[in-house]
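Asks: Would you mind keeping the following structure in view while I ask a few things?
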Amino acid sequence: MLLPLFLFLLFHLHLSSSSSSSISFPDFQIIDVLQPPLSVTGTLLNDTHFSDDSNSKHTLRLLHRDRFPSVSYRNHHHRLHARMRRDTDRVAALLRRISGKTVSSSSDARYEVDDFGSDVVSGMDQGSGEYFVRIGVGSPPRDQYMVIDSGSDMVWVQCQPCKLCYKQSDPVFDPAKSGSYTGVSCGSSVCDRVGNSGCHSDGCRYEVMYGDGSYTKGTLALETLTFAKTVVRNVAMGCGHRNRGMFIGAAGLLGIGGGSMSFVGQLTGQTGGAFGYCLVSRGTDSTGSLVFGREALPVGASWVPLIRNPQAPSFYYVGLKGLGVGGVRVPLPDGVFDLTETGDGGVVMDTGTAVTRLPTVAYAAFRDVFKSQTANLPRASGVSIFDTCYDLSGFVSVRVPTVSLYFTEGPVLTLPARNFLMPVDDTGTYCFAFAASPTGLSIIGNIQQEGIQVSFDGANGFVGFGPNVC
């Protein structure tokens, strides 16, 4: 472990402005300086790792993409830069989707999409995610790895006949061998609910374009999905016959966004819109978890209201009112994290973005306070998107200031040290794992969420943090 368990997740619930001023925060943490593992080739878990070994029948194990055997990197430096390129594309895609603004990505290259029936190109740029689950598709169920994406409202898998498919770890799903597959007609209300649908002689068609140039095109269907011990029938699912992109072995995508067509939205009648996840920490052999149902709402969590943005209903927005470093509140302009009436700004929680982005003015102030409190540590040159780095090669452990997020209505989340100071090479270089946003939108990325139990109560409009760690 990089720090004592009691420092892993610290919450303080402010009951009033007067009481919050009297709360004392832990100011520093100790982080062990560990060299990254030499092995940079993923190791695929056996299917048994995704079986249900708890009392919950609604729990799935989460696997990070770097553990797939098809993912190979020359070294830790190469892996970091690949991840940051994906991250830059993801952020650019989210900004285009939410605000309609064009933001440069890591590459201008895009795949050419061939004509396919009378499909309607949606322009939905979502990115392809970082975490995977194992789900049975069809009847009898055929296990498939699927990307989870909290910013997507689509569920889809590659299907036979495959006119154009990328390589995946499992055999491509064949709907002709499933007894529960039913195509969706053009006149169906389900087809109408898919914003990027079209019509063809053989039924409802869909198309989704992703921010990295990936895409999926095919037929909309109702199908049975099996996860752990739970069978869910009549899930609206895309059956992709033309698919291309950076899904690195996954059969498709499991959207868990806030819209009615996401997997969470389709399960609302059974789960009340409740789900939660715990993202696996980098550099460990453990797996994370994805839980559906009221059991995902733990007693003792600290709850923050979700904020709805009509311009981007798929995304989970939260109210953030401040940042802290070493127990000191960072001076920031009023309203820097606010969501405007036109749908600009605000703070999104996203599983597909790695590094938390903050508006430039907020990031600069936050970074400068952190630098002032780490002036005793030797500096290193910036790496990739990180501009504040340290040479810790001569240290066994270092003392660093705490980093805290101040949410609306009281809760303060103090992050584990590994969630804000991360190794970026094989020689002991660590960087402050935040970056500036090119617009007013803030994104809480998966690095800052790692190891923390995150729960969504869709029915009541809250997101909870803790009380457990993973």
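Asks: So what J values fall out for segment 414-425 if you push phi through Karplus, 6.51 cos²θ - 1.76 cosθ + 1.60 with θ = phi - 60°, rounded to Hz, Gly and Pro as x?
Replies: 9, 6, x, 4, 5, 8, 9, 10, 10, x, 10, 8
Asks: Here's a follow-up. First select every other residue whose beta carbon is under 12 angstrom from the beta carbon of Thr408; then total the charges, Lys and Arg +1, Asp and Glu -1. Write down the numbers at each step before the final one.
Replies: Working: positive: Lys321; negative: Asp338, Glu409.
Once all neighbours under 12 Å are counted, the net charge is -1.
Asks: What is the spread of the Cα atoms of segment 162-241 along each of their three principal axes, largest first, in whole Å?
Replies: Cα extents, longest axis first: 33, 30, 22 Å.
Asks: Could you give the length gained by full extension between Asp192 and Ser260, i.e. 0.36 nm per residue of separation minus their alpha carbon distance, to one decimal place? Each step should come with its number before you reach the end.
Replies: Values: separation 68, 0.36 × 68 = 24.48 nm, distance 1.18 nm.
So the chain would gain 23.3 nm between Asp192 and Ser260.
Asks: Can you tell me the length gained on complete extension of the stretch Asp334 to Tyr166, counting 0.36 nm per residue apart and subtracting the Cα distance?
Replies: 55.7 nm
Asks: Suppose a student asked you for the relative contact order of segment 380-470, using Cα pairs under 8 Å spaced at least 6 residues apart; what percent would you report?
Replies: Relative CO of segment 380-470 lands at 22 percent.
Asks: Separate question: What list of ³J(HN,Hα) values in whole Hz, one per residue of segment 260-273 in order, does the Karplus curve 6.51 cos²θ - 1.76 cosθ + 1.60 (θ = phi - 60°) give from phi, with Gly and Pro shown as x?
Replies: For segment 260-273, the Karplus curve yields 6, 8, 6, 4, 5, x, 6, 8, 3, x, 9, 10, x, x Hz.
Asks: Which whole-Hz ³J(HN,Hα) couplings does segment 230-243 yield from phi under the Karplus relation 6.51 cos²θ - 1.76 cosθ + 1.60, θ = phi - 60°, glycine and proline marked x?
Replies: Values, residue by residue: 9, 10, 10, 9, 6, 7, 5, 9, x, 10, x, 9, 10, 9 Hz.
Asks: With a cut-off of 8 Å between alpha carbons and a minimum separation of six or more residues, what is the relative contact order of segment 293-393 in percent? Walk me through the numbers before you get to the answer.
Replies: Numbers: 102 pairs, mean separation 19.3, N = 101.
Relative CO of segment 293-393 lands at 19 percent.
Asks: Here's something else I'd like to know. Could you give the nm distance between label points at Asp174 and Asp344, where each point is 7 Å from its Cα heading toward the beta carbon?
Replies: Inter-label distance under the simple model: 5.4 nm.
Asks: Right, another one. Take peptides 90-96, 372-378, 326-332, 223-229 and line them up by average Cβ neighbours within 10 Å, highest first, as a rough protection proxy.
Replies: 90-96, 223-229, 326-332, 372-378
Asks: Hey, another quick one. For a quick protection proxy, order the peptides 416-422, 182-188, 391-397 by their average other-Cβ count within 10 Å, most packed first.
Replies: Values: 416-422: 24.6, 182-188: 15.4, 391-397: 13.9.
Listed from highest to lowest mean packing, they are 416-422, 182-188, 391-397.
Asks: If I stretch the segment between Ala459 and Thr182 completely, what's the gain in nm (0.36 nm per residue apart, minus their alpha carbon distance), one decimal?
Replies: 96.8 nm
Asks: Can you pull the percent of segment 256-382's accessible area that's carbon plus sulfur, 1.4 Å probe, other chains left in place?
Replies: Roughly 51 percent, rounded to a whole number.
Asks: With the crude spin-label approximation of a point 7 Å out along Cα→Cβ, what separation in nm comes out for Ala375 versus His81?
Replies: According to this spin-label approximation, the distance is 3.4 nm.
Asks: Let me ask you something else. Out of residues 5 or more away from Leu220 or on other chains, whose amide H comes under 5 Å of its own, with H placed 1.01 Å from N in the peptide plane?
Replies: Val184, Cys204, Arg205, Tyr206, Cys239
Asks: Sorted by packing (mean other beta-carbon atoms within 10 Å per residue), highest first, where do 346-355, 379-388 land?
Replies: 346-355, 379-388
Asks: I would also like to ask the following. If each of Lys229 and Thr360 carries a label point 7 Å out from its Cα toward its Cβ, how far apart are those two points in nm?
Replies: It works out to 5.5 nm between the two label points.
Asks: Suppose R0 equals 41 Å. What FRET efficiency, 1/(1 + (r/R0)^6) with r the Cβ-Cβ distance, do Asn468 and Asp391 give to the nearest 0.05?
Replies: Details: r = 35 Å, r/R0 = 0.85.
That pair, Asn468 with Asp391, gives E of 0.75.
The values are calculated or read from the model by the stated rules, or taken from the named source; none is laboratory data. Because the structure is a prediction, the values reported are computed rather than measured. Note that each Cβ is placed from the backbone with ideal geometry, even for glycine, and that neighbours are counted across all protein chains shown. Side chains included, ligands, DNA and RNA excluded: accessible areas come from the protein's heavy atoms. Shrake-Rupley method; radii C 1.70, N 1.55, O 1.52, S 1.80 Å.
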